[in-house]
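The numbers here are math on the coordinates, done by the rules we state, and not lab data. Small disclaimer: the values here were computed from a predicted structure and weren't measured. Methodologically, a virtual Cβ is constructed for each residue, glycine included, from the backbone with ideal geometry; neighbour enumeration extends over all protein chains shown.
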Amino acid sequence: MHALPGGHNQNWHADNPTPYAAFWDFKDHQDRVIWLWEQLAAKYKDNTWVAGYNPINEPADELQYRLIDFYQRLEKAIRIIDPNHILFLDGNTYSMDFSHFTEVFPNTVYAMHDYSSMGFPLGEPYLSSAEQKSQLRSQYARKVDFHTKMNVPVWNGEFGPIYANPKYESNHEAINAQRYALLGEQMKIYNEEAKISWTIWLYKDIGLQGMVYASPDSPWMKLIGPFLEKKKELQLDMWGKYPSEEADAVMKPLAAWIDKVSPSVKTKYPAYWGTLRHLDRAVLHTLLADSLQTEFAELFRGKSMEELDNLARSFHFDQCVQRETLNQMMAGRASA
């Protein structure tokens, strides 16, 4: 589940419009999720096509222990109904921190996510240096320290770079060659060295990461294209954030001023975000982005059912573009 009642993390993808993850403070929120997973377990307990249940995506509990307590409740509730399916439990702080985990549940895999900043538009370019390769391995080792000590399986539930868009970057081929090299080095860690199980993020999108994506010439992309340009310029899309002189001129001085008058903001949970990302999240990705939802919705006003169906068909497999290099790499590693 990506959006629990009250918000189980502090980010936009949990449908949380505040920096407060209220899920952890209210038993009623937690009871509702326990109840829902009981219903799901009852429905799928005998379904052999379901590999298992991944109850929460990227929890973030600042106090740590509340996530542990909730997992204990959740595991007991599900196991009363379904003792057979695998549980995939994400680590804390966006599936990257298992430092407070001390107990191993039966038939359970502990899921981590392993993105690298070198795979993002504003990250350091990946040049396959020895230092960068060491950094990838150090990052991975830190995340699976619990798994190593407890001798439990590792599931890397998300990883993968953002691929350069020809529309925005004239040197997109060179950039993507670096991103594929990064991906290849990560999969070398997972397949050859650690021998873990993994799944890439993600299957289908509008051209950032997907194995397949909506064609730039599709009705959907043509309709929303101007709005995507606006999102890019205003840095509203944290997951594909590009440089913006206009946004930087406002946000960076504000972040510097906040650091000056209140240095403790730098350590606000999750501390690795830093002041600018906390500020981006509050101002750009929540306040400003929310204010523009109506403008986006207006793009669809007056569309007939036939037109809407045609827009939706932009995401049909036979209408999508396949990211061939990525898919060849995935196929080769999956069969290794």
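Scan L284, L279 and give me the residue that is out of contact with any helix residue (DSSP H, G or I) (no Cβ under 6 Å at 6 or more places or on another chain) and either closer than 24 Å to D15 by Cα or buried (at least 16 other Cβ atoms within 10 Å of the Cβ) (or both).
It is L284.
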Considering only residues that are part of a helix (DSSP H, G or I) and either touching a residue at least 60 places away in the same chain (Cβ under 8 Å) or surrounded by 14 or more Cβ atoms within 10 Å (Cβ to Cβ) (or both), which ones fall in segment 314-331? S314, F315, F317, Q319, T325, L326, N327, M329, M330
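Looking only at segment 36-75, which residues are hydrophobic (A, V, I, L, M, F, W, C), outside any loop (DSSP other than H, G, I, E, B) and in contact with a helix residue (DSSP H, G or I) (Cβ under 8 Å, 6 or more places away or on another chain)?
Just the residues of segment 36-75 that are hydrophobic (A, V, I, L, M, F, W, C), to begin with: 36-37, 40-42, 49-51, 56, 60, 63, 67-68, 70, 74.
Keeping just the survivors that are outside any loop (DSSP other than H, G, I, E, B) gives 36-37, 40-42, 67-68, 70, 74.
Residues satisfying the conditions are W37, A41, A42, L67, F70, L74.
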For I86, indicate whether it is among the β-branched types (V, I, T), over 17 Å from L4 (Cα atoms) and in contact (Cβ under 8 Å) with a residue 12 or more places away in the chain. yes
Residues of segment 145-163 being more than 18 Å from the chain's Cα centre (by Cα) and buried (at least 18 other Cβ atoms within 10 Å of the Cβ), which ones? F146, H147
Considering only segment 26-33, I want to know if a residue exists there that is closer than 28 Å to V283 by Cα, in contact with a Gly (Cβ under 9 Å, 6 or more places away or on another chain) and part of a loop (DSSP other than H, G, I, E, B). yes
Per the filter on segment 254-276, residues in a loop (DSSP other than H, G, I, E, B) and loosely packed, with under 15 Cβ neighbours inside 10 Å are S262
